[in-house]
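To keep things clear, I will list the structure first and then write my remarks on it.
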Amino acid sequence: MAYIERNTYLDRLWRNKDMDTIKVISGVRRSGKSTLLKMFEERLLSEGVSEDRIQVFNFENPDFDQYRDSKLLYEKIKSRLVPGVQNYIILDEIQLVQEFERAVDGLYILDNTDIYITGSNAYFMSGELATYLTGRYFEVKLYPLSFKEFMSVQNGGVSIEEGFNKYLQGTLPFFIRYEDVNDAAIYLEDVLNTILLKDVVQRLEIRDVDTLNRIMKVLMSSVGSVVSIAKITNTLKSDGNKISDKTVERYVQGIVDSLLIYRAPRFDDSGRKYLKSRDKFYLVDPGMRRIMISNRPGDLGHTLENVIYLELLRRDYTVFVGELADRTEVDFVAVDKQGGRQYIQVSLSTLDETTLARELHPLEKINDNYPKLLLTLDTIERTASYNGIQKMNALDWLLD
């Protein structure tokens, strides 16, 4: 089966090949990390690297269970290194190896080793590994398919509007290979349940799985809306669940660390501080929402906002929810690696003058020269400019 082209990630890995860093590929389960590494391996071979210089261990494969001991793994890899030339070591789902930090660190200090590791949650880049590898690793964050990647594998004749409606059903690479919608939904549900079980329940040793599911539903139903821990706690208590803010925060952080949901903190307009409560949460795959809760009228606007948020992450922005001095909200403040900003508002349509004025208002109040962008699904007026604020069709922007 042909691969979906993911050249942005592959090129990033290739640019950093042979650099004195450990390449870390992180991403939610089934986002395509193993496939990306397979593409990287094939590119190495096509460039003349011999097979004996490439060692691949996929720890989700039972064939590699015996190497889940860090010492055995280290000794096995070391014994197979080809002397005098660069060796490429690929360790997929490394978090399944006990004390894997020791093996990775040991291999790193050997001569002629270029190491690539993957993990499916935020835990494996915390604690000892981060301490061991401070200043010595380069992270590539892999996300489910972008709209541009999704459209690249659609049959001809599909309009971008039709494609977008399909895209919202699920964005994991394997999901889109299903032709039957019910089979696709079952696959997505299985992925969601696996992540909750393996990366949240087992990791945090949660016994009250029902409460975890209820918290997940609250977060999913609140996509694009301000949510506080206290609000979630009160929602659960109103249904008779005796739970503390501390426990709710622990469960929420576990879900975030599983990479199922992203937390967008609030950022005040002056840049003086990050606000520690009233965050927004966005799903790693907008299609997962319908698995746990049914879509409701008016949800498309929040779903579009979710898609834009993820695309900003793919484009290497750090993304905040902006809040001006008068509590007026800007949907996103996107900060690039050089400290530059973009301010972005998202709306289904602004053809109505009242809606247009409402969406432009927070952007107009920002007194700096950074770009200001209004993204909508309008097709009659795909682009426009309002006193320096650029309006653009969101699908055109996603394909740019």
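Some points to look at:
- Net charge contributed by nearby residues that have their C-beta within less than 13 Å of SER159 (K/R +1, D/E -1): -2
- GluC sites (Glu not before Pro), loop per DSSP, at most 16 other Cβ atoms within 10 Å - longest free stretch of the chain: 206-380
- Simple Cβ-charge dipole of the chain, Lys/Arg +1 and Asp/Glu -1, about Cα centre, in debye nearest 20: 940
- Taking trypsin sites (Lys or Arg not before Pro) in DSSP loop states with no more than 10 other Cβ atoms inside 10 Å as exposed sites, the chain has its longest site-free stretch at 1-206.
- The C-alpha atoms of the chain define a longest principal axis, and helix 70-79 lies at about 60 degrees to it.
- When the Gaussian network model of the chain links Cα atoms closer than 10 Å, the mean-square fluctuations of ILE380, ILE229, ILE308 top out at ILE380.
- Between ARG15 and LYS76, the FRET efficiency from the beta-carbon distance, with R0 = 41 Å, is close to 0.90.
- Using just its DSSP H runs of length 4 or more, each adding -39500 (n - 2.57), the chain gives a mean residue ellipticity at 222 nm of -11000 deg cm²/dmol after division by all residues.
- Relative contact order (%) - the chain, alpha-carbon pairs under 8 angstrom, separation at least six: 13
- Distance in nm between pseudo-label sites at ARG207 and THR383 (7 Å out along the Cβ direction from Cα): 6.1
- Shape analysis of segment 1-147 based on the Cα gyration tensor places the equivalent ellipsoid semi-axes at 21, 19, 15 Å, largest first.
- Using every pair of distinct Cα positions in segment 311-377, the Kirkwood expression returns a hydrodynamic radius of 12.5 angstrom.
- Residue among LEU96, LEU37, LEU45 with the largest mean-square fluctuation in a Gaussian network model of the chain, springs linking Cα atoms under 10 Å: LEU45
- Of the residues ALA185, HIS302, PHE40, the one whose Cα sits farthest towards the positive end of the charge dipole of the chain is HIS302 (charges of +1 on Lys and Arg Cβ, -1 on Asp and Glu Cβ, taken about the Cα centre).
- For the chain, the antiparallel share of DSSP beta bridges with both residues in that region comes to about 40%.
- For segment 221-271, the Stokes-Einstein estimate of translational diffusion at 10 °C and a viscosity of 1.306 mPa s comes to 129 µm²/s, using the Kirkwood hydrodynamic radius over alpha-carbon pairs.
- Residue pairs exceeding 20 angstrom between C-alpha atoms, taken from LYS217/LYS242; LYS231/LYS365; LYS217/LYS280; LYS198/LYS280; LYS78/LYS198: LYS231/LYS365; LYS198/LYS280; LYS78/LYS198.
- Computed about the Cα centre, the dipole magnitude for segment 28-149 is approximately 240 debye when only Lys and Arg (+1) and Asp and Glu (-1) carry charge, each at its Cβ.
- Two-decimal log10 I(q)/I(0) for the chain, as the Debye equation yields it once each C-alpha is a single scatterer, q = 0.06, 0.11 Å⁻¹: -0.27, -0.90
- Stretched out straight at 0.36 nm per residue, the stretch from THR194 to LYS217 would grow longer than its current Cα-Cα span by 6.7 nm.
- Divided by 2.2 N^0.38 Å, where N counts the residues, the Cα radius of gyration of segment 1-71 comes to 1.20.
- Calculated on alpha-carbon atoms, Rg and Dmax of segment 121-254 in Å: 18.8, 54
- For segment 315-371, relative contact order (Cα pairs under 8 Å, six or more residues apart, normalised by length) works out to 27 percent.
- Full-stretch length increase - VAL226, ILE293 - with 0.36 nm per residue and alpha-carbon distance subtracted: 22.3 nm
- On a per residue basis, the chain carries 47 Å² of accessible surface, using protein heavy atoms and a 1.4 Å probe.
- Of ILE117, ILE22, ILE293, the one that fluctuates the most in a GNM where the chain has Cα springs shorter than 10 Å: ILE293
- Among the protein heavy atoms of the chain, carbon and sulfur supply 47% of the accessible surface, probe 1.4 Å, non-protein parts ignored.
The values are calculated or read from the model by the stated rules, or taken from the named source; none is laboratory data. Not measured: the values here are computed from a predicted model. Using ideal geometry, Cβ is built from the backbone for each residue, glycine included, and neighbour counts are taken over all protein chains shown. Calculation scope for accessible area: heavy atoms of the full protein, side chains included, ligands and nucleic acids excluded. Shrake-Rupley method; radii C 1.70, N 1.55, O 1.52, S 1.80 Å.
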